[in-house]
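The values are calculated or read from the model by the stated rules, or taken from the named source; none is laboratory data. Since this is a predicted model, take the numbers as computed values, not measurements. Reconstructed Cβ throughout: ideal geometry from the backbone, glycine too, with neighbour counts over all protein chains shown. With ligands, DNA and RNA removed, areas are computed over all heavy atoms of the protein, side chains included. Shrake-Rupley method; radii C 1.70, N 1.55, O 1.52, S 1.80 Å.
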Amino acid sequence: MSDPAAGKPGRPNALLRWIRRYFGFSRRETSGFVVLFLLMLLWLVLPWLLRPALPHYDPQADQQQLNRWAAELEAQRQPRAFDSRYPRRSYAARTAVPRVALSPFDPNSLTPEGWEARGLPHFVAQRIVHFRDVIGGFKAKEQIRRTYGLPDSVYARLAPYIQLPEQLPARESKFRDYAAGPDRNANKSFASYPPNKFARKPTHLAPFDLNAADTTQFKQIRGIGSRLSARLVAYRERLGGFIREEQVGEIYNLAPDLVDSLRKYTFVNQGFIPAFIDVNNASLAELKEHPYVGLRFGRVIVAFRQQHGPFRQASDLRQIRILDDAAFAKLLPYLRF
């Protein structure tokens, strides 16, 4: 008879069948998975199996050795002896000032010790005496209150005993004469006032010739001084004379109100002939000085003149491309051929 237990599957086979069904492995894949799993378990347990047994560590012996070394180093160490670069200052001992009972006092006669006796710190007492000497004495309590470093509580305690008014007296008005009425200056003569070093501008100015005026005439206009009048004359000389009053507006950095004043008080004679520019014979140094030509246009004129010969008429200048209509119209009255 056969053993009935031989036909029953064992537990390892049942586990393998469960793994194969759960993961969908074949028989070979299941065997490889089991082997790999056993190797991983062996790899994790192996360090604990191979680790040698360590003896029990007692740190007392090592601590004693470290203490002996520290004692030897401390015995060998010598303190550094050197002179300090900045010697220590010695201050005299300050004697304590005994307090006094508060009573009315004059702050202009107190010494620093007197302020200390009334409860002020030493540095504040020194500061308040110095402040008093600088201003020539206290005249009101508010000056003492403004002392830097004086606590408000200390001032409130001393204020009732300070023999000074609360505030400074009102200053006398600079214009007290105006409050005396319309006859305040009846007894004053103009000779009592010092003469003014600047000449007074005329109230009513007659118009004058813009091309014949000098710096003195220009300075009669309000707002024009020595420098501006000299600039006006210098620009007029470089230009060759003004042919219209509006040309004063071309002066650099001239305020519009001054331009209006110049147009109001100056004129140009109808028959005035300006100084001409000889474009065929003038050098570059002469051309660049004219406000309507300048250095760039002067170089072009000289180069054009050397390449194409002298200019015969004003329209020949229109061949120069950098000369636009506005510049040509301004330059035309000053040209000569």
Handout entry: Size-normalised alpha-carbon gyration radius of the chain, reference 2.2 N^0.38 Å
Key = 2.71
Problem - chymotrypsin sites (Phe, Trp or Tyr not before Pro) lying in DSSP loop within the stretch 202-254, provided at most 10 other Cβ fall within 10 Å - result: 252
Handout entry: Convex hull volume per residue in cubic angstrom - Cα atoms of the stretch 45-157
Key = 406
Fill in the blank from the handout: Subtracting the Cα-Cα distance of residue 259 and residue 113 from 0.36 nm times their residue separation yields 45.5 nm
Exercise for the section: Please calculate how many Å² of accessible area the stretch 43-158 carries per residue, with a 1.4 Å probe and no DNA, RNA or ligand atoms counted. Expected result: 84
Exercise for the section: Using only Cα atoms, find the angle between the long axis of helix 27-50 and the longest principal axis of the chain, and express it within 0 to 90 degrees, rounded to the nearest 10. Expected result: 90
Handout entry: the chain, accessible surface, carbon-and-sulfur percent (1.4 angstrom probe)
Key = 56
Exercise for the section: Within 10 Å, count the other beta carbons around each residue, average over each peptide in 294-302, 318-326, and list them highest first. Expected result: 294-302, 318-326
